[in-house]
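Student: Here's a structure for you.
The values are calculated or read from the model by the stated rules, or taken from the named source; none is laboratory data. Small disclaimer: the values here were computed from a predicted structure and weren't measured. Note that each Cβ is placed from the backbone with ideal geometry, even for glycine, and that neighbours are counted across all protein chains shown. Heads up: the accessible areas ignore ligands, DNA and RNA and are worked out on the full protein's heavy atoms, side chains in. Shrake-Rupley method; radii C 1.70, N 1.55, O 1.52, S 1.80 Å.
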Amino acid sequence: MAAQFLDSFCNWLAATPVSQTIQTIDWIVPAVQTIHILGVAAVMSSALMINLRLLGVRSYDQSVARVAARFLPFIWWPLLMLLATGTILIVAEPARALQNPVFLLKMGLLIAATGVTLACQLPVRSNAAFWEQSAGRRRAGRLIALTSIPLWIAIICAGRWIAYVQGS
Ligand code: HEM
């Protein structure tokens, strides 16, 4: 039932004038993919800078709150851009993503990575020294970093693999 609905939804979307326009103008998809990749670079490098601080590998002369304040905008704003460019790529070829298990996996990983990033950000809003206050907090910070880094890498792999796995 759900598969049938998704199938007819993808066919409907692919036949819309906006999808037809994106499909027929050659430069749109490559341009959007390029912007998507730039967004990936911004998110991945910023997440890495915050996680390396949580691991105590980089910028340990600065508080986690300070490093997070500098790099979090370069996660949240590019994520919005990734959502916009990703949506355009979906409208261009709906079945390629929406009926693709790797795309669904990527979205699940993205929800998890967003949750882990918020888990790092929210405590320092009310207490700037939160992650430095005790050995237990520092351990928890390292755990967040050791969860976050593989999650973002997995999202990138899934993003790339969408093109190589056939949808249902
Ligand atoms: C925010 C929601 C996002 C949506 C809706 C989305 C959607 C998509 C879609 C539809 C594609 C094209 C797949 C194809 O047809 O081959 C794609 C590619 C890709 N995405 Fe995303 N994406 C999102 C976020 C992200 C994030 C956060 C990352 C990594 C940090 C990411 C990394 C990639 C990569 C590496 C590719 C392959 C690009 C290529 O080789 O051309 N995406 N994404």
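Student: Can you find even one residue in the range 125-133 that is in a helix (DSSP H, G or I), more than 13 Å from the chain's Cα centre (by Cα) and exposed (fewer than 13 other Cβ atoms within 10 Å of the Cβ)?
Tutor: Taking every residue of the range 125-133 in turn, at least one turns out to be in a helix (DSSP H, G or I), more than 13 Å from the chain's Cα centre (by Cα) and exposed (fewer than 13 other Cβ atoms within 10 Å of the Cβ).
Student: So residue 9 clears everything in (1) under 22 Å from residue 113 (Cβ atoms); (2) within 16 Å of the ligand (Cβ to nearest atom) except one condition, right? Which one?
Tutor: Failed condition: (1).
Student: Could you list, ordered by first residue, the pairs with Cβ atoms under 7 Å in which the first is in the range 54-83 and within 13 Å of residue 44 (Cα to Cα) and the second is of a type in the set (Ser, Thr, Tyr) and not in a loop (DSSP other than H, G, I, E, B), at least 6 apart or interchain?
Tutor: 71/46; 74/46; 75/46; 75/117
Student: Same structure, new question: Which one of these does residue 105 not meet: (1) closer than 21 Å to residue 127 by Cβ; (2) free of Cβ contacts under 8 Å to residues at least 60 places away in the same chain; (3) crowded, with 17+ Cβ neighbours inside 10 Å?
Tutor: (1)
Student: For the range 108-130, how many residues are in contact (Cβ under 8 Å) with a residue 40 or more places away in the chain and more than 25 Å from residue 34 (Cα to Cα)?
Tutor: Final tally of qualifying residues: 6.
Student: Within the range 152-166, does at least one residue satisfy the condition of being more than 10 Å from the ligand (Cβ to nearest atom) and surrounded by fewer than 19 Cβ atoms within 10 Å (Cβ to Cβ)?
Tutor: Taking every residue of the range 152-166 in turn, at least one turns out to be more than 10 Å from the ligand (Cβ to nearest atom) and surrounded by fewer than 19 Cβ atoms within 10 Å (Cβ to Cβ).
Student: Residue under question is residue 89, and the condition is that it be open to solvent by 30 Å² or more (accessible area, probe 1.4 Å) and touching a His at 6+ places or on another chain (Cβ under 8 Å); does it hold?
Tutor: yes
Student: Another question, then. Quick one: which residue in 62, 20, 33 is more than 15 Å from the ligand (Cβ to nearest atom), in a helix (DSSP H, G or I) and of a type in the set (S, T, N, Q)?
Tutor: 20
Student: Return only the number of the condition from (1) within 12 Å of the ligand (Cβ to nearest atom); (2) among the small types (Gly, Ala, Ser); (3) over 20 Å from residue 62 (Cβ atoms) that residue 148 does not satisfy.
Tutor: Failed condition: (3).
Student: Given the options 80, 89, name the one that is near the ligand (Cβ under 9 Å from one of its atoms), under 25 Å from residue 37 (Cβ atoms) and either under 12 Å from the mean Cα position of the chain (by Cα) or not in a helix (DSSP H, G or I) (or both).
Tutor: 80
Student: Quick one: residue 42 ticks every box in (1) touching a residue at least 24 places away in the same chain (Cβ under 8 Å); (2) open to solvent by 70 Å² or more (accessible area, probe 1.4 Å); (3) not β-branched (Val, Ile, Thr) except a single one, so which number is it?
Tutor: Unmet condition: (2).
Student: Moving on to the next point. Name the pairs: first residue in the range 1-12 and modelled with pLDDT under 90, second residue open to solvent by 100 Å² or more (accessible area, probe 1.4 Å), Cβ to Cβ under 7 Å, at least 6 apart or on different chains?
Tutor: 3/168
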